[in-house]
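The next block holds one structure in the form of structure tokens; read it before the comments.
The values are calculated or read from the model by the stated rules, or taken from the named source; none is laboratory data. Because the structure is a prediction, the values reported are computed rather than measured. Methodologically, a virtual Cβ is constructed for each residue, glycine included, from the backbone with ideal geometry; neighbour enumeration extends over all protein chains shown.
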Amino acid sequence: MTGKTPAMTEAELTRLLALLERQLSLYQDLAGLSQEQAPLVAQGETDALLRLLGRREQCIGSLRQVNTELEPFRLRWIEWLPALTQDQKAHIAGMTDRIKSLRDQIVQQDERDCQSLRRERERVSAQMSRQQYAGSAARAYRGGAPARANVMTDQRG
């Protein structure tokens, strides 16, 4: 062992940059879908929301694949980092910072959308409870008429 830091090959660097660019592009797509999702949630557009969620799931699947492909780079990052030039480090840091920022924006938007969906569910539940209560009150007001007797039987059953 020479103590020398193993350098990343040109092919490895090219592959890393391509994967980071792909990851950034996918996060940009996902952020766009997240922005499209908010008005659909607010307007209760269930069918359109389900279609959009399907597109998001495809995007997330692609992100999982890219993350799997990035894993070997993560495992050797500590070894490779010192051998990179300042420009390479800055370029990689810029992409990873942008990815993190997009991911944070997506998570925040998703949390807001979840809160909106929760409020809507509670509103619908309360409305249904009021309607059920109103129906019970109306039946009680009418005297709570028992279920209608079967008209096809005589008094003996």
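Okay, here's what the table says:
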read-out	value
Residue match in region 83-90 (condition: in contact with a Pro (Cβ under 6 Å, 6 or more places away or on another chain) and at pLDDT below 95)	no
Matching residues in region 86-113 - criterion: being over 15 Å from Leu24 (Cα atoms) and either free of Cβ contacts under 8 Å to residues at least 40 places away in the same chain or not in a helix (DSSP H, G or I) (or both)	Gln86, Asp87, Lys89, Ala90, Val107, Gln108, Glu111
Subset of region 63-113 (residues that are among the hydroxyl-bearing types (Ser, Thr, Tyr) and either in contact with an Asp or Glu (Cβ under 9 Å, 6 or more places away or on another chain) or under 20 Å from Glu12 (Cα atoms) (or both))	Thr68, Thr85, Thr96
Residues located in region 53-81, provided they are in contact (Cβ under 8 Å) with a residue 12 or more places away in the chain, of a type outside the set (S, T, N, Q) and in contact with a helix residue (DSSP H, G or I) (Cβ under 8 Å, 6 or more places away or on another chain)	Leu53, Arg55, Arg56, Cys59, Ile60, Leu63, Val66, Glu69, Leu70, Phe73, Trp80
Residues within region 53-74 that are over 12 Å from the mean Cα position of the chain (by Cα) and among the small types (Gly, Ala, Ser), tallied	1
Residue match in region 91-106 (condition: more than 30 Å from Pro6 (Cβ to Cβ) and loosely packed, with under 14 Cβ neighbours inside 10 Å)	yes
Candidate set: region 28-52, residues that are over 12 Å from the mean Cα position of the chain (by Cα) and touching a residue at least 24 places away in the same chain (Cβ under 8 Å); chosen: the one surrounded by the most Cβ atoms within 10 Å (Cβ to Cβ)	Val41
Residue match in region 63-71 (condition: in a helix (DSSP H, G or I), surrounded by 13 or more Cβ atoms within 10 Å (Cβ to Cβ), among the hydroxyl-bearing types (Ser, Thr, Tyr) and out of contact with any Cys (no Cβ under 9 Å at 6 or more places or on another chain))	no
Region 7-56, residues that are assigned to a loop (DSSP other than H, G, I, E, B) and closer than 16 Å to Thr96 by Cβ	Met8
